[in-house]
Amino acid sequence: MSKKNIAIIGAGISGLMLGCILRENKIDCTLFERSKTISEYGAGISISPNGLLLLEQQEILDELNKNSCNPLSVCFKYSSGALIKKITSNEFGNILTTNRRDLIRALFNRYQSLDGEIIFNHQLELYDEKIKKLTFDNGCSYTVNHVVGCDGIKSIIRSKNFNSKENPDYSGYSAWRGIGLSDSKHINLYFNSNSHIVCYPVNNKLETSFIAVFKDKNKNQETWRREGTHDELRKDLNAYDNFLQSIFKSSSKVFKWGMYVRPPIKTIVKDNITLLGDAAHPMLPFLGQGGNLALEDAYIFGSLCHKFQSNFELIQQKYQQARLRRVNKIQRMSRQQAIVYHASNPLITGTRNFLLRNTNIAKIRLQDIYAYNAIEEMNKI
């Protein structure tokens, strides 16, 4: 049984980003990933200014820019396609839209260039915090100095070591996602009664990602990889305009899943365990900030490890202080956004659309989210 310094469970966005930060600062770490290789499933992701500055700091943007887009604006629309409001990128800062697969690949390449160690085919079964021992389903075990749970929304570390409720409640929402074709250079956000759709280009090959969230009485499975049918999709989303219907039709595969709610946990650190990303703060995707928060978490925790060396008690204290305030704010705003997006009362929807059209409320909210700077936050610690 070998000994590891910092064990990172999960090679997703937060795990790979943390590995890059640690290796850049010559800190020994090992990534453990349950799959045979890094994730190759395709889904769109948007990286806002608060995340982009961290990718730039890690010298990842140049590679990512080769196969991504910078949308010209955010367009708020009725389901008919009629425009409610357009906010140009000059008003809120640059956004990069890409395929999640390409972001993971860029982070992985950066981690490898820093001589980062990654061990595949390791599904965590148990972490015994008393003896600091990791046990995997293949029989391998390791002792460690510190464990970082980056294992996503269904985190084994969170459920077994933080006594978290792992029978999540159905949110009342289901979602569709896919990648079709269009020549749009904008982020388009559509509203309809009890549903909304976001679509945007992910590269220069006309590929356009969409995610549609709608109220649904059926408790669909909580998996991003359950393939649905185009007939099902059209039935659920037939109220939307021809532009969206053409994107749906051109998608080779479409996926449908149920969205479930996990109550926030009171602490994201415990003994010699720290949680990052969706493992720390799972939330519904109404603000598109899940990936950006994962990058922020990784930067702050990795930088603290460099600043305070192996004093993990102090590192965890500073990490929790820095992150909980930020994360709680985004979670609160996300819940508010769900109510605003999916309103069905004509008075509420009319007020929403009036405010969008005649005020700067949308721009102010975006600027508030994007203004966070993890590098400046770290410099204050």
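Report whether or not ASP297 is in contact with an Asp or Glu (Cβ under 8 Å, 6 or more places away or on another chain), of a type in the set (Asp, Glu) and either surrounded by fewer than 21 Cβ atoms within 10 Å (Cβ to Cβ) or in contact (Cβ under 8 Å) with a residue 60 or more places away in the chain (or both). Full working, then the answer.
Numbers: in contact with an Asp or Glu (Cβ under 8 Å, 6 or more places away or on another chain): no; of a type in the set (Asp, Glu): yes; either surrounded by fewer than 21 Cβ atoms within 10 Å (Cβ to Cβ) or in contact (Cβ under 8 Å) with a residue 60 or more places away in the chain (or both): yes.
No; evaluated as a whole, the condition is false for this residue.
Quick check on the stretch 249-286: of everything there that is among the aromatic types (Phe, Trp, Tyr) and at pLDDT below 90, which residue is farthest from ILE179 (Cα to Cα)?
So in the stretch 249-286, the residues among the aromatic types (Phe, Trp, Tyr) come out as 255, 257, 260, 286.
Next cut, at pLDDT below 90 only: 260, 286.
Working: TYR260: 23, PHE286: 19 Å.
Among residues in the stretch 249-286 that are among the aromatic types (Phe, Trp, Tyr) and at pLDDT below 90, the one farthest from ILE179 (Cα to Cα) is TYR260.
Tally the residues that are touching a Ser or Thr at 6+ places or on another chain (Cβ under 9 Å) and either at pLDDT 90 or above or small (Gly, Ala, Ser) (or both), restricting the search to the stretch 347-381. Reasoning before the result, please.
Step one: of the stretch 347-381, the residues touching a Ser or Thr at 6+ places or on another chain (Cβ under 9 Å) are 349, 366, 369-370, 374-375, 378, 381.
Now drop any that are not either at pLDDT 90 or above or small (Gly, Ala, Ser) (or both), which leaves 349, 369-370, 374-375, 378, 381.
Looking only at that region, the number is 7.
Yes or no: LEU61 without any contact (Cβ under 8 Å) to a residue 60 or more places away in the chain, over 21 Å from GLY149 (Cα atoms) and touching a strand residue (DSSP E or B) at 6+ places or on another chain (Cβ under 7 Å)?
Values: without any contact (Cβ under 8 Å) to a residue 60 or more places away in the chain: yes; over 21 Å from GLY149 (Cα atoms): yes; touching a strand residue (DSSP E or B) at 6+ places or on another chain (Cβ under 7 Å): no.
So LEU61 fails the test.
Within the stretch 313-325, can you find the residues that are out of contact with any helix residue (DSSP H, G or I) (no Cβ under 7 Å at 6 or more places or on another chain), surrounded by 13 or more Cβ atoms within 10 Å (Cβ to Cβ) and either among the acidic types (Asp, Glu) or at pLDDT 95 or above (or both)? If you could, list the steps in order and put the result at the bottom.
As a first pass, look at the stretch 313-325 and keep what is out of contact with any helix residue (DSSP H, G or I) (no Cβ under 7 Å at 6 or more places or on another chain): 313, 316-317, 320-321, 324-325.
If we keep only those that are surrounded by 13 or more Cβ atoms within 10 Å (Cβ to Cβ) too, we end up with 316-317, 320, 324.
Hits for the stretch 313-325 are GLN316, GLN317, GLN320.
Quick one: LYS66 ticks every box in (1) farther than 27 Å from HIS342 by Cβ; (2) among the charged types (D, E, K, R); (3) touching a residue at least 40 places away in the same chain (Cβ under 8 Å) bar one, so which box is it?
Going through (1) farther than 27 Å from HIS342 by Cβ; (2) among the charged types (D, E, K, R); (3) touching a residue at least 40 places away in the same chain (Cβ under 8 Å) one by one, LYS66 breaks only (3).
Mind listing whichever residues of the stretch 77-112 are surrounded by fewer than 20 Cβ atoms within 10 Å (Cβ to Cβ) and more than 20 Å from LEU52 (Cβ to Cβ)?
Of everything in the stretch 77-112, those that are surrounded by fewer than 20 Cβ atoms within 10 Å (Cβ to Cβ) and more than 20 Å from LEU52 (Cβ to Cβ) turn out to be TYR78, SER79, SER80, GLY81, ALA82, LEU83, ILE84, LYS86, GLN112.
Filter the stretch 322-381 for residues that are hydroxyl-bearing (Ser, Thr, Tyr) and under 30 Å from SER303 (Cβ atoms); which is nearest to the chain's Cα centre (by Cα)?
For the stretch 322-381, the residue satisfying everything is SER334.
Pairs under 9 Å by beta carbon, first residue surrounded by fewer than 17 Cβ atoms within 10 Å (Cβ to Cβ) in the stretch 329-346, partner at pLDDT below 85, six or more apart or different chains?
Note: pairs meeting the criteria are ARG335/MET283; ARG335/LEU284.
Anything in the stretch 60-74 that is surrounded by fewer than 16 Cβ atoms within 10 Å (Cβ to Cβ) and polar (S, T, N, Q)? List them, or say none.
Residues satisfying the conditions are ASN65, ASN70.
Test GLU313 against the stated conditions and say whether it is within 15 Å of the chain's Cα centre (by Cα), farther than 27 Å from PHE191 by Cβ and either in a helix (DSSP H, G or I) or in contact (Cβ under 8 Å) with a residue 24 or more places away in the chain (or both). So that I can check it myself, show each step before the final result.
Working: within 15 Å of the chain's Cα centre (by Cα): no; farther than 27 Å from PHE191 by Cβ: yes; either in a helix (DSSP H, G or I) or in contact (Cβ under 8 Å) with a residue 24 or more places away in the chain (or both): yes.
The answer is no for GLU313.
Of all residues being crowded, with 20+ Cβ neighbours inside 10 Å and not aromatic (Phe, Trp, Tyr) in the stretch 153-174, which is farthest from GLU33 (Cα to Cα)? Just the residue, please.
The extreme case among them is SER174.
Pick from the stretch 300-310 the residues that are farther than 14 Å from ILE375 by Cα and in contact (Cβ under 8 Å) with a residue 60 or more places away in the chain: which of them is nearest to the chain's Cα centre (by Cα)? Quick ask: steps written out before the conclusion?
Our first condition is that a residue be farther than 14 Å from ILE375 by Cα; within the stretch 300-310, this holds for 305, 308-310.
Next, only the ones that are in contact (Cβ under 8 Å) with a residue 60 or more places away in the chain stay: 305, 310.
Working: CYS305: 23, SER310: 28 Å.
Among those that are farther than 14 Å from ILE375 by Cα and in contact (Cβ under 8 Å) with a residue 60 or more places away in the chain, it is CYS305.
Report yes if SER246 is closer than 27 Å to LYS85 by Cβ, of a type in the set (Ser, Thr, Tyr) and either at pLDDT below 95 or buried (at least 17 other Cβ atoms within 10 Å of the Cβ) (or both), otherwise no. Give the steps one after another, and end with the answer.
Details: closer than 27 Å to LYS85 by Cβ: yes; of a type in the set (Ser, Thr, Tyr): yes; either at pLDDT below 95 or buried (at least 17 other Cβ atoms within 10 Å of the Cβ) (or both): no.
So SER246 fails the test.
The values are calculated or read from the model by the stated rules, or taken from the named source; none is laboratory data. The model shown is predicted, which means the values in this text are computed figures rather than measured ones. Counting neighbours? That spans all protein chains shown, and the Cβs are built from the backbone with ideal geometry, glycine included.
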